[in-house]
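Only one structure is covered here, and it is reproduced in the block below.
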Amino acid sequence: MVYGRYERPAGPAPTPPLFTKLLIAGGFGVGKTTLVGSISEVRPLRTEEDLSELGVGVDDTTSVELKRTTTVAMDFGRITFPSGVVLYLFGTPGQERFWFMWDELAFGALAAVVLADTRRLPDCFSSIDYFERRDTPFVVAANHFDDSPVYDAADIRDALDVDSDVPVLLCDARRRESVKQVLIASVAHALARHQSAARR
Amino acid sequence: MTGDEQWLDREAGPVVRPYAVTRGRTRPHGVTVGLIDLVVSAGRRSADARGLGPEHRRLLGLCCSPITLADLASEADLPLGVVRVLVGDLQERRLITVAASSGESSQNEKVLRSVLDGLRTL
C-alpha cells in the first residue's frame, strides 16, 4: 500500500499516469467518510469538527445520535491501479451551507455515488437533484446501518423516484468488497450511458 | 504552522489560524488550481525563494516530483483553501508549474474502461 504521494508502480510505464475522480455524495452522517476510508490508500483530507450548539437547528442530527463529529471539509481518498490510472474519491460536504464547493468537485468527475440512509431518505434528494440537473451519471447506494429496516432495492427506487436506468443498490460502507461493488456500478453506469449516447 | 501546533485551550484552537499563513487571503492570484491538477516544482535555485514563508517552502519541497493538489494538501496537512493560496503565490513567482488534468477526459470511453478494469481487479 502506498502512503503519501502518488508513486509510479514498478515496471515500465509507457503512458503518463491518468488522474480521474469519483464523487461520493449524500446527506449528513450517511457514511461517506466510512465508505471512502474502506477503500482508500491515503488518509482522508478532512477536518472533523465537534458538533456544537452552533449547529443545533442547522445540522439535523435526528437518528444520528451516535455521531459526535462531522466532516466540514471533504473526504478524500485515492486508489492507484497497476495500470498507472489513479482514481480519486471526493466526498461532497453533507451540509447545505457547503454547497459552494460542489461545482468544483463535480467538474470532470467520471460518475457519482449518492449514499442514502433508509431511515432518512429525503436527505439524499438534493444530491440526486444536483446530479440529474448536471447530467452526471450516478448510482444510489443505500448504506446499511445496524438498526435500519431492511428494504430491497426496488422499494428504495420507488421511494426515491429516480429514472429507471439509474442503478440502485444496497451496500455496507464499512466493507471494502461492498464499497468496491458500488464504485464498479457507478463507473459501469457511466460507461453504459456514454456508449448509448454514442450510438444515438 | 507546524504539525505540533500549540493549543491555548479548546475555545481558542490552534495558536496559528489556518489563514494566518496566507495573511488573511482566502483566494489565490490567477487561475484556481483544480483538485487533481498536477503541481511540480520548476527546479529553480533557492535564491528565487527569498521572502517565502515556511509553509511555501514546505509545499515547494513536496512538489519536487509531480503531485496533485489534493495529495499536496493531504501531505502538507494544511486546509485545501490555504494550499491553493500558497500554490498561487509559488506559481506567480514561477517556482512551480501546474498542469490541468481534470475535465476533458471524464467522458472518454477508454478512460472509463481503464478505471472499470482497475476496480474489478482490486
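The values are calculated or read from the model by the stated rules, or taken from the named source; none is laboratory data. On a predicted model such as this, the values are computed, not experimentally measured, just so you know. All Cβ positions, glycine included, derive from the backbone under ideal geometry; neighbour counts span all protein chains shown.
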Can you work out which of the residues in the stretch A:17-48 that are more than 10 Å from chain B (Cβ to nearest Cβ) and modelled with pLDDT under 85 is surrounded by the most Cβ atoms within 10 Å (Cβ to Cβ)?
A:Phe28
Any residue at all in the stretch B:11-31 that is in contact with a Ser or Thr (Cβ under 8 Å, 6 or more places away or on another chain), at pLDDT below 85 and not charged (D, E, K, R)?
yes
Tell me the helices (runs of 4 or more DSSP H) entirely within the stretch B:58-122 that contain at least 3 residues that are in contact with a Pro (Cβ under 8 Å, 6 or more places away or on another chain) and modelled with pLDDT of 90 or more.
B:80-92
Selection from the stretch A:114-147 of residues that are farther than 15 Å from A:Gly29 by Cα and in a strand (DSSP E or B)
A:Phe138, A:Val139, A:Val140
May I ask you to say which residue of A:Ala116, A:Ala159 is of a type in the set (A, V, I, L, M, F, W, C) and over 15 Å from the mean Cα position of the chain (by Cα)?
A:Ala159
Can you tell me which residues in the stretch A:155-199 are closer than 23 Å to A:Arg119 by Cα, without any contact (Cβ under 8 Å) to a residue 60 or more places away in the chain and in a loop (DSSP other than H, G, I, E, B)?
A:Asp161, A:Val162, A:Asp163, A:Ser164, A:Val166, A:Pro167, A:Asp172
Subset of the stretch A:182-200, residues more than 18 Å from A:Gly31 (Cα to Cα) and hydroxyl-bearing (Ser, Thr, Tyr), comes to A:Ser196
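Conditions (1) at the interface with chain A (Cβ under 7 Å from one of its Cβ atoms); (2) buried (at least 19 other Cβ atoms within 10 Å of the Cβ); (3) out of contact with any helix residue (DSSP H, G or I) (no Cβ under 7 Å at 6 or more places or on another chain); (4) more than 24 Å from A:Thr20 (Cβ to Cβ), marked per residue:
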site	(1), (2), (3), (4)
B:Ala42	no, no, yes, yes
B:Leu52	no, no, yes, yes
B:Leu72	no, yes, no, no
B:Val87	no, yes, no, no
B:Val98	no, yes, no, no
B:Val111	yes, yes, yes, no
B:Gly118	yes, yes, yes, no
